[in-house]
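Values quoted throughout were computed directly from the atomic coordinates according to the rules given, and no laboratory measurement underlies them. Source: prediction; values computed, not measured. Cβ placement follows ideal geometry from the backbone for every residue including glycine, while neighbour counts extend to all protein chains displayed.
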4 protein chains.
Amino acid sequence: MESEANTASARTKAFDLDRTISLSDGIFAFALTLLVLSISVPDIPFSSSSSELWSAIKDRQNELVSYLISFIVIGGFWIRHHKFCGTLKAVDATFLVINLAYLATIAFIPYPTQLLGDFINPAAFAFYAAAISASTLAAAALNEHAARSGLLSQALTPAETKEGRINGFGVTAGFLISIPVVLLSGELWLGYLCWFLGPNFHRLIRLGSSRKH
Amino acid sequence: MESEANTASARTKAFDLDRTISLSDGIFAFALTLLVLSISVPDIPFSSSSSELWSAIKDRQNELVSYLISFIVIGGFWIRHHKFCGTLKAVDATFLVINLAYLATIAFIPYPTQLLGDFINPAAFAFYAAAISASTLAAAALNEHAARSGLLSQALTPAETKEGRINGFGVTAGFLISIPVVLLSGELWLGYLCWFLGPNFHRLIRLGSSRKH
Amino acid sequence: MESEANTASARTKAFDLDRTISLSDGIFAFALTLLVLSISVPDIPFSSSSSELWSAIKDRQNELVSYLISFIVIGGFWIRHHKFCGTLKAVDATFLVINLAYLATIAFIPYPTQLLGDFINPAAFAFYAAAISASTLAAAALNEHAARSGLLSQALTPAETKEGRINGFGVTAGFLISIPVVLLSGELWLGYLCWFLGPNFHRLIRLGSSRKH
Amino acid sequence: MESEANTASARTKAFDLDRTISLSDGIFAFALTLLVLSISVPDIPFSSSSSELWSAIKDRQNELVSYLISFIVIGGFWIRHHKFCGTLKAVDATFLVINLAYLATIAFIPYPTQLLGDFINPAAFAFYAAAISASTLAAAALNEHAARSGLLSQALTPAETKEGRINGFGVTAGFLISIPVVLLSGELWLGYLCWFLGPNFHRLIRLGSSRKH
């Protein structure tokens, strides 16, 4: 009797987890595909020559770069979410809510991508960085909740937990710090440097600690 | 022989249920992601300054709020549909039709979201509330049909059934009542209050009944 | 050894079938959700009054009807494809190609939907009917190929096969016949009558044959 | 103990593979469905006559052809990716990154499709061919990595590996060669001939080698 209830409960948990992952994958896939709409079609006549079209495409190089950046960013979030979901054994109601908040920030990314592609100025950069920071903070909340509420299977060692936190902290810090850096200095390349350093923060840490030994 | 037919029939039912859930999750995921298109890109020149872009983004704050509201609304529908599907053991032809009608109302939500973001007036509010009411009514029809046609597994107790109905009634009533309230008073905040109270109706009920004891 | 090869082959077939169904469900879900983009947002100023917005929404009633029609049409295709896939035991290379051709016609439907919503004239009607006819013809080709190449499991009886063909024939004939009917008569309601009668053709047939007895 | 770890590891691998395939299928499905947005809606008044609408649709025949070409191209990529994933037994971190790069090129295809439909000139053709070449190169990298890192199950024989490479080489070569051919000659039909010959390259090879015997 009890074992039957356990099985039913286990099935419910597996079902919840499966559908949550399925919705998440759908939103990731769709957000990745919607990015292409942020690249505007040249507004030149049908009979334009090849050279006119080339120069119109060249004018869109900033949009093409934003497409690439956002594909890498959302792709990176997917890889992390994917690894994280592989360590889950169940989800609870709070998890569903935090996960939806996280997905809201992921589904929002095509909008700041459009701004980053359409305008080269600190405001567009800061808006984009703030949006990505929101995603990383929601991801961190998701990780913390899962760890504290016993949703994780045994697979995660303390060392892995620590590495996950350092990794997450680096990414969040990189995007958050880039906002004042760009707004105060007015130099976009300094902000892009923060974006690049953040996700590699754990590598720098590891490099530092391996030098000590 | 009979057991084989039963197994085949069970497999068919599992297949039907799986594909129905898969289509539903797909539509939920895309409706959630399409919402971002309701936030319009600032129509200012490429060379605009940071302050011009900030003020253009501020002009879109109503669209950003609508995005958030609709994400919460659709996300809430998904959580309810998700819980509900976890209690199903099979689907029948009528279920598929009602579910498609329900999904039609979910897939429609990005349109009223756009109106709610683009116009601050009672008509936009009432149109949005009517669209959401249609979703809640379709969801209630789905619940009733499943319960009456024996599509539910044993997992649901009478108390759970009752709570589900009170919950569904609260949400529907909140959105339906908000329509005349806003159209007659012309005050949008009264309508938003209805939206907030509706989904918390069962909590108010429970609060009242626990005070009696 | 042989049994191992059989198992591997069975796994490959199950995998092929699963991914084909998954891609199909994705395209159905997305086509259903994209339909909402065919309803244009009122092009009136932000400060418009409620009555101005109501009249702008009323102007879009033709688009709203087209949305409903296409949701019913694509939803109907999904139900048929869903039932059909439940009878499959495997897919082959030709099946994949025909299925992709079928999905190309499904993914195309948002375009004729837009025309049907934007223009009330025989050309828009005929274009829509032709697009849906292409879908029904591709669906019929898919059915025929699966039956002839032994891709079906035993579940289908000859009576079911016959009913499926009559059903498919009715739908195709309804949409195909509506094209000359509307182009020659110029009356759209005659065409809509064809659309309604086609999918109910098998019921009329059954009604006729039951009267004979 | 060890066998338990193996099982856990096997489960992780199966999970990784499943989610990777699920994300890939999602992106394929959306890219296929987004193509329809590349066909522009006639910009003529609501009250236009049937003949005005027909001529407006005829003006879009180039966009309709581009829709078809891209559906065939992405559909072809899906069939290859689908077959390829059926031979995988696991994925690793590098695989995820290459797969995301591959999906970035697939999700990008709606943009060159729009250019190919909107402009008939060598630049639009070359841009499209370059985008597809990027997809084929990423697909080749994915194949090579899987083969070298032992991600494939035993199902693939050396003959199949060779055929896969010849096939992939033909497709890539067809698209890459078409770029200089069209830019130098200015003749689009020569480029389309390359596109047609490339994917049939392995058939020509086989034809040649069977003649020798």
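Angle of helix D:122-148 to the longest C-alpha principal axis of chain D, folded into 0 to 90 degrees and rounded to 10: 10°.
Note on the protein assembly as shown: Kirkwood hydrodynamic radius from all Cα pairs is 29.1 Å, rounded to one decimal.
Ordering C:Thr161, C:Thr136 from the fewest to the most neighbouring beta carbons within 10 Å gives C:Thr161, C:Thr136.
Within a 10 angstrom radius of the beta carbon, how do D:Lys83, A:Lys58 rank from fewest other beta carbons to most?
So the ranking, lowest neighbour count to highest, is A:Lys58, D:Lys83.
The convex hull defined by the C-alpha atoms of the range B:2-212 has an orientation-averaged projected area of 15.8 nm². Shielding value for C:108-121 is 5, the average number of Cβ atoms from other chains within 10 Å of each residue's Cβ.
Work out the FRET efficiency for C:Glu163 and B:Leu207 from their Cβ-Cβ distance, taking R0 = 60 Å, and round it to the nearest 0.05.
Numbers: r = 55 Å, r/R0 = 0.92.
Once the sixth-power term is evaluated, E becomes 0.60.
Between 0 and 90 degrees, the angle of helix A:201-212 with respect to the longest Cα principal axis of chain A falls at about 70 degrees.
For the peptides D:140-147, A:73-80, the ranking by packing is A:73-80, D:140-147, with the highest mean count of neighbouring Cβ atoms within 10 Å listed first. Among C:Ser178, C:Ser22, C:Ser66, the largest mean-square fluctuation in a Gaussian network model of chain C (Cα springs under 10 Å) belongs to C:Ser22. For B:Leu88, what residues show an amide H to amide H distance below 5 Å, using hydrogens built from the backbone and excluding near sequence neighbours? Residues meeting the criterion, in which the H sits 1.01 Å from N, are B:Ser153.
Taking R0 as 22 Å, what's the FRET efficiency between D:Glu52 and C:Glu52 from their Cβ-Cβ distance, rounded to 0.05?
Values: r = 29 Å, r/R0 = 1.33.
In this case the efficiency is close to 0.15.
Number of Lys-Lys pairs in chain B with C-alpha atoms under 23 Å apart and a separation of 8 or more places or on different chains: 5. Here the alpha carbons of the range C:135-213 define both size measures, Rg and Dmax, at 15.2, 47 Å. Approximating the spin labels as points 7 Å out from Cα along Cα→Cβ, the C:Ala130-to-C:Val65 distance works out to 2.3 nm.
What average number of partner chain Cβ atoms lie no more than 10 Å from the Cβ of the residues making up B:60-67? Please list the in-between numbers first.
Values: counts 1, 0, 1, 1, 2, 0, 0, 4.
Mean partner-chain Cβ count within 10 Å for B:60-67: 1.
Relative to the longest principal axis of the Cα atoms of chain D, the long axis of helix D:158-185 makes an angle of roughly 30 degrees. Remark: label point of B:Leu190 defined 7 Å out from Cα along the Cα-Cβ vector; separations to the same position in other copies 5.3, 5.3, 7.5 nm, ascending.
Length gained on full extension, A:Thr94 to A:Ile79: 3.2 nm, using 0.36 nm per residue less the C-alpha separation. Cα centroid separation, the range D:56-77 to the range B:131-145: 39 Å. The other copies place their B:Thr157 label points at 4.4, 4.4, 6.2 nm from this one, listed shortest first, where each point is 7 Å from Cα along Cα→Cβ.
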